[in-house]
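Here the structure comes first, spelled out in structure tokens, and everything after it is commentary.
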Amino acid sequence: MVREGRSETEKLRGVIADLVREEAEALVHEASEAITEIVRSNLLPAVRSAIREEIAKQLEEAVYLSQTARAQDEGGAAAEAPDAEEASGNEERGLYVYGIADANVETELGQIGIEGKSVYTVSYGDLSAIVHDCPLEPYESDDEEVITRWVATHQYVIDVAEEKFGTIIPFGFDRIIKPKAQASAKDVFRSWLAEEYDTLVQKMEKIRGKKEYGVQIFYSPSVLSQKIADESEEIRGIKEMMGTKGPGAAYMYTQKLETALKREMESRMSAHFKDFYERIKNHVEEIKIEKTKRSDEKDRRMIMNLSCLVAPNAYQALGAELEAIGGESGFFVRFTGPWPAYSFV
Amino acid sequence: MVLDIDEVNLKHGVLGLVIALVEVIRDTLRLQAVRRMESGRLSEEEIERLGEALMEFDRAIEEIKVEQGITETVQSVRDGLDDLVTEVIEKMVNPERWVEEA
């Protein structure tokens, strides 16, 4: 009897395994072109750039080591790592760009830049760029704290400039303009400004006076699945069935229950997503849907991650709307900002 | 490129990967099993035995994870797989992104 039971289970297992295999094969076959395409377009460039990066890093290290060695031989004190670029005799011919201001000014902002560099403006037409002179190598470090500090300084400079000159088109961290042949970095940059001038002015008009805010909405899976379990006929039915069964069948019904819960949760979440999106859209100039991220907190999952461009007079209403969303049971809102309009330029 | 390999992290890595894959297969089996149950072609007794077999399977996986201290490794492999799948699906849904990245 026991033997029979066992062989039955094995038979079942075999059938299931076949089914899974068949389905997987069919899927792979159907999608093989798409998969090949995706692998080719994603994986290969990533691998290539990773290899390139690694080679560059190794080379750089080798160069740095030989330079330090030379510097020490000559009796000169070797500079600390961040100043290695300077030690290599590389003058500050690059131009580090923080952003573009909505004003024509030529002025100094003092030594507030990254690593205490003097920040000043380069004007063109109705715009001015906020820059400092820098070595040609990008700011790179293995130390996360150092990078955080640099990025914070980058942000701080933009804040100061915004205070002084109004709206800023922010640049990302580590944008460095290099000199080309005879032209200095400033010349290269000015000709770039000339080329892009119309686009920049358009962008400026779009964001003038407005601020970017981040809106992230989370839900608590446990609270909401409880709610679904209370409300759904189907789930209550399955639960009742479970009470009368043996442990094996109860396990099966638990799986069924979880699948039903998940399905219901997904459909509710997509309804909530639409609802929240519409409600938020009413109060903002523009919305960008960003990728949702995994939350570090327990029992919190992100349902939406938005960047919003907000006019000053709409801020209050948006805040109130978000408060209303955060007040719904099982939902939480994280509202950050104001930031320069990074996501909209 | 220097790969940092020692016995412990190699074991964790490979075993974690294997168990993560086994878990993925387990999840598929579960789905199939529930589908079969819902089709109504299984007798009560068969459902019970199928459930018990899957339960044993779960228990075995849990034991291995605890014994080998790879619970976290497995989770991180699975999270990684999830992210990868999400990304691939998103790309399939939004072919414009292929162009953007090209």
Please turn the phi angles of the stretch A:21-28 into ³J(HN,Hα) values with the Karplus equation 6.51 cos²θ - 1.76 cosθ + 1.60 (θ = phi - 60°), one per residue in order, whole Hz, x for glycine and proline.
4, 4, 5, 4, 4, 4, 4, 4
Rounded to a whole number, the mean other protein chain Cβ count within 10 angstrom for residues of B:54-62 is 2
Here the stretch A:167-181 yields Karplus 3J(HN,Hα) values (6.51, -1.76, 1.60; θ = phi - 60°; whole Hz; Gly and Pro given as x) of 4, 10, 8, x, 9, x, 4, 6, 8, 10, 8, 10, x, 10, 6
Name the residues whose placed amide hydrogens come within less than 5 Å of the amide hydrogen of A:Ala129, ignoring near sequence neighbours (fewer than 5 apart) on the same chain.
A:Ala101, A:Val122, A:Ser123, A:Tyr124
Near B:Val66, within a Cβ-to-Cβ distance under 13 Å, what is the net charge of the other residues, with Lys and Arg +1 and Asp and Glu -1?
-3
Per DSSP H run of n ≥ 4, the term is -39500 (n - 2.57); total these for the protein assembly as shown, divide by its residue number, and report the mean residue ellipticity at 222 nm rounded to 500 deg cm²/dmol.
-21000 deg cm²/dmol
Within 10 Å of the Cβ of an average residue in B:40-47, the count of other chain Cβ atoms is 3
For labels at A:Gln111 and B:Val88 in the simple 7 Å Cα→Cβ model, what's the distance in nm?
5.4 nm
What does the structure give for A:243-249 when I average, per residue, the other chain Cβ atoms found within 10 Å of the residue Cβ?
5
Only sites in a loop by DSSP and with at most 16 other Cβ atoms within 10 Å count here; which trypsin sites (Lys or Arg not before Pro) in the stretch A:93-175 make the cut?
A:Arg93, A:Arg175
For the B:Glu45, A:Phe273 Cβ pair and Förster radius 41 Å, calculated FRET efficiency rounded to 0.05 is 0.40
Mind scanning A:Lys117/A:Lys211; A:Lys164/A:Lys206; A:Lys227/A:Lys274; A:Lys117/A:Lys180 and naming the pairs with a C-alpha gap bigger than 25 Å?
A:Lys117/A:Lys211
Measuring from a point 7 Å past the Cα of A:Asn282 along Cα-to-C-beta, which residues in the stretch A:327-345 have an amide N at less than 17 Å?
A:327-328
Springs between alpha-carbon atoms under 10 Å, Gaussian network over chain A: tell me which of A:Ile130, A:Ile228, A:Ile158 tops the mean-square fluctuations.
A:Ile228
Which distance in Å, rounded to a whole number, links the C-alpha centroids of the stretch B:45-62 and the stretch A:145-197?
61 Å
Please state the relative contact order of chain A as a whole percent: Cα pairs under 8 Å, 6+ residues apart?
16 percent
Whole-Hz Karplus ³J(HN,Hα) for the stretch B:61-74, in order, using 6.51 cos²θ - 1.76 cosθ + 1.60 and θ = phi - 60°, x for Gly and Pro?
4, 4, 4, 4, 4, 5, 4, 8, x, 10, 3, 5, 4, 4
Choice from B:Ile64, B:Ile89, B:Ile19 with maximal GNM fluctuation in chain B (Cα, 10 Å cutoff):
B:Ile89
Net charge near A:Lys186, counting Lys/Arg +1 and Asp/Glu -1 over other residues with Cβ under 10 Å of its Cβ?
0
Label-point separation (nm) for B:Ser76 and A:Glu10, each offset 7 Å from Cα along Cα-to-Cβ?
4.0 nm
Rounded to one decimal in Å, the inverse mean reciprocal Cα-Cα distance for chain A, i.e. its Kirkwood radius, is 25.9 Å
Cα centroid separation - the stretch A:199-246 against the stretch A:257-307, whole Å:
4 Å
Describe numerically, in nm with one decimal, the distance between label points set 7 Å from Cα along Cα→Cβ at A:Lys178 and at B:Glu62.
5.8 nm
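Bear in mind that the values in this text are calculations on the coordinates, not laboratory data. These numbers come from a predicted model, not from an experiment. All Cβ positions, glycine included, derive from the backbone under ideal geometry; neighbour counts span all protein chains shown.
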